[in-house]
C-alpha cells in the first residue's frame with residue numbers, strides 16, 4: 001500500500017471514529033458497517049442492519065465487496081472483543097507454531113472491548129485500527145486509536161476478517 005493511500009485511509013478512520021464514539025457514548029451498540037471507498041473518492045456506507053451471526057458469511061461478504069469494480073479500499077467498523085497475546089506466553093507459542101491460540105476472544109478472561117476498524121485495499125493490503133471501549137459506572141471513554149499492521153514485529157492480527165490462514 002502506498003504511503004499516500006495509507007495516510008488517506010487513516011484520516012478516514014479518524015473521521016469515522018468521531019461519529020462511532022458518539023454512538024457508543026449514547027448507550028447504543030454500534031451496528032457493523034462497511035464503507036466502500038471508490039476510485040472517484042466516493043464513500044458508500046453499507047450498514048449491516050441485521051445482526052449476522054455467521055461470521056464466516058460476513059467475512060465472505062466483505063471479500064466480495066472488496067473485489068467490486070472501482071473499489072479502492074474497504075473499511076469495516078464493528079464493536080469487537082480483542083485479546084493481546086504476549087509472544088512468550090503459551091498462547092503466543094501456539095500462535096507462532098501455526099495453531100489457533102484461542103477459541104474466541106469473547107471467551108478470554110483478559111479480553112478488551114473495542115471499536116475495531118479493518119482497512120483493506122483491493123490488492124489485499126491491510127491494517128487494523130482499534131480503540132478500547134472503557135465502560136465506567138457513569139461514563140464511557142475510549143483508549144487511543146492504535147494502528148496495527150499484519151507484518152509488525154510486535155503484533156500479528158488473527159481472525160476471519162484479517163484473512164489469516166488459521167481462520168480461512
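Brief remarks on what is shown
- Shape metrics for the stretch 3-149, restricted to C-alpha atoms - Rg then Dmax, Å: 16.1, 47
- Going by neighbour counts of Cβ atoms within 10 Å, the residues 4, 145, 57, 115 line up, fewest first, as 4, 57, 145, 115.
- Per principal axis, descending, Cα span of the stretch 91-130 in whole Å: 32, 26, 13
- Difference of contour (0.36 nm per residue) and Cα-Cα distance, residue 123 to residue 147: 6.7 nm
- Model label points for residue 28 and residue 8, set 7 angstrom from Cα along the Cα-to-Cβ axis, are 2.9 nm apart.
- Average Cα contact separation per residue, the stretch 3-149, under 8 Å, 6 or more apart, as relative contact order %: 19
- Peptides 92-99, 33-40 ordered by average Cβ neighbours within 10 Å, highest first: 33-40, 92-99
Quick note: the coordinates plus some simple rules give every number you see, no bench work behind them. Everything numeric here is computed off the predicted structure, so don't read it as measured data. Every residue, glycine among them, receives a Cβ derived from its backbone with ideal geometry; neighbour counts consider all protein chains shown.
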